[in-house]
Amino acid sequence: MAVSAVVGLATVAVAAEAVEHLTVPAPGGATIDVLAQGIGPLVVLLPSRGRAAEDFDPIAGPIAAAGYRVLRPEPRGIGGSTGPTAGLTLHDLGGDVEAVIEAAHDGRAVVVGHAFGNFVARTVASDRPDLVRGVVIAAAAGKHYPDALAAAVTASSDTSRSDAERLPDLRRTLFAPGHDPAVWLGGWYPAVDADQRAATLRTKQSDWWGAGRAPLLEIQAADDPFKTPDQRGELKAEFGDRVTVALVPDASHALVPEQPRAVAEAIVAWMKTH
């Protein structure tokens with residue numbers, strides 16, 4: 001019995017470390033490249049606007065090691081993910097994620113969305129509640145926020161500007177004091193950023209805001225300008241006990257590169273209760 005237990009743990013450890021590349025066909029002629037690792041209940045990680053699945057490198061392994069199958073779909077236009085981009089809405093981008101969950105043939109998933117990714121995660125939960133057992137929204141913006149903040153993210157992703165020009169935008173908008181914003185000088189896909197921003201503007205907020213009726217974990221960054229202190233209770237006030245809030249200190253809108261351990265631990269702890 002002890003030998004079987006050791007072999008089982010070794011299998012889980014290897015699966016948590018090994019990253020596979022899967023290809024999933026999606027509606028509208030799209031093809032989605034998926035990074036997959038681990039064994040267990042499904043967890044889908046969706047990155048911030050204009051960024052790739054590699055942003056989750058610091059947390060994907062720990063979540064998989066806790067006993068989960070972690071899927072990271074690349075957005076259209078990144079890696080091997082392709083498909084039409086003209087006239088997209090969040091429902092179209094959500095359809096890509098839905099195809100990934102269905103292709104796994106392994107039950108419903110917890111869908112985790114970081115920043116912009118939370119719009120897509122909540123859209124999936126609203127459109128296909130049969131595929132979602134819970135939603136984690138990390139560094140989600142408040143219901144209303146200044147347009148200048150969205151513009152600053154666009155400026156941060158504009159790789160035609162010099163590093164010296166972009167660093168102040170990254171520092172002011174995405175990183176808490178004491179964290180090095182230079183770690184996000186790379187990893188941006190400006191065309192994807194523009195497509196995702198346009199898809200958001202084409203979609204009514206009411207279509208996705210409530211995330212269907214899925215349980216919600218909101219991981220808030222204490223220094224996030226997109227969610228001011230007076231907005232921290234808005235989801236809890238609107239949706240009551242369906243919402244759990246975890247506040248991460250010493251982090252801003254980037255969150256994951258700033259506090260990866262706290263983010264991974266918050267997600268795993270919540271999933272074990274749901």
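Annotations for the structure displayed:
- In the stretch 121-133, the residues that are open to solvent by 10 Å² or more (accessible area, probe 1.4 Å) and in a helix (DSSP H, G or I): Ser126, Asp127, Pro129, Asp130, Leu131
- Matching residues, the stretch 35-48, being in contact (Cβ under 8 Å) with a residue 40 or more places away in the chain and crowded, with 24+ Cβ neighbours inside 10 Å: Val43, Val44, Leu45, Leu46, Pro47, Ser48
- Those helices (runs of 4 or more DSSP H) lying entirely in the stretch 134-215 with at least 3 residues under 19 Å from the mean Cα position of the chain (by Cα) and either more than 25 Å from Thr244 (Cβ to Cβ) or among the basic types (Lys, Arg) (or both): 147-157, 190-201
- Annotation: Ala191 fulfils all but one of (1) aliphatic (A, V, I, L, M); (2) without any contact (Cβ under 8 Å) to a residue 40 or more places away in the chain; (3) open to solvent by 40 Å² or more (accessible area, probe 1.4 Å); (4) more than 30 Å from Asp130 (Cβ to Cβ); the unmet one is (2).
- Failed item in (1) among the small types (Gly, Ala, Ser); (2) open to solvent by less than 40 Å² (accessible area, probe 1.4 Å); (3) closer than 25 Å to Ser156 by Cβ, with Gly79 passing the rest: (2)
Residue-by-condition table, conditions (1) in a loop (DSSP other than H, G, I, E, B); (2) in contact with a Pro (Cβ under 9 Å, 6 or more places away or on another chain); (3) over 17 Å from Arg197 (Cβ atoms):
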{"position": "Val43", "(1), (2), (3)": "no, no, yes"}
{"position": "Pro58", "(1), (2), (3)": "no, yes, yes"}
{"position": "Ile63", "(1), (2), (3)": "no, no, yes"}
{"position": "Pro75", "(1), (2), (3)": "yes, yes, no"}
{"position": "Gly80", "(1), (2), (3)": "yes, no, yes"}
{"position": "Gly87", "(1), (2), (3)": "yes, no, no"}
{"position": "His91", "(1), (2), (3)": "no, no, no"}
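- Matching entry among Gly87, Gly107 (being open to solvent by 30 Å² or more (accessible area, probe 1.4 Å), at pLDDT below 95, at positive phi and over 17 Å from the mean Cα position of the chain (by Cα)): Gly107
- Contacts under 6 angstrom Cβ, first residue in the stretch 236-260 being of a type in the set (D, E, K, R), partner part of a loop (DSSP other than H, G, I, E, B) and surrounded by 23 or more Cβ atoms within 10 Å (Cβ to Cβ), 6 or more apart: Glu258/Ala251
- Residue match in the stretch 88-104 (condition: touching a Phe, Trp or Tyr at 6+ places or on another chain (Cβ under 6 Å) and not acidic (Asp, Glu)): yes
The values are calculated or read from the model by the stated rules, or taken from the named source; none is laboratory data. In this text the structure is predicted, and so the values were computed from the model without any measurement. Because the Cβ atoms are built from the backbone with ideal geometry, glycine has one as well, and the counts that use them run over all protein chains shown. The accessibility values were calculated without ligands, DNA or RNA, using every heavy atom of the protein model including side chains. Shrake-Rupley method; radii C 1.70, N 1.55, O 1.52, S 1.80 Å.
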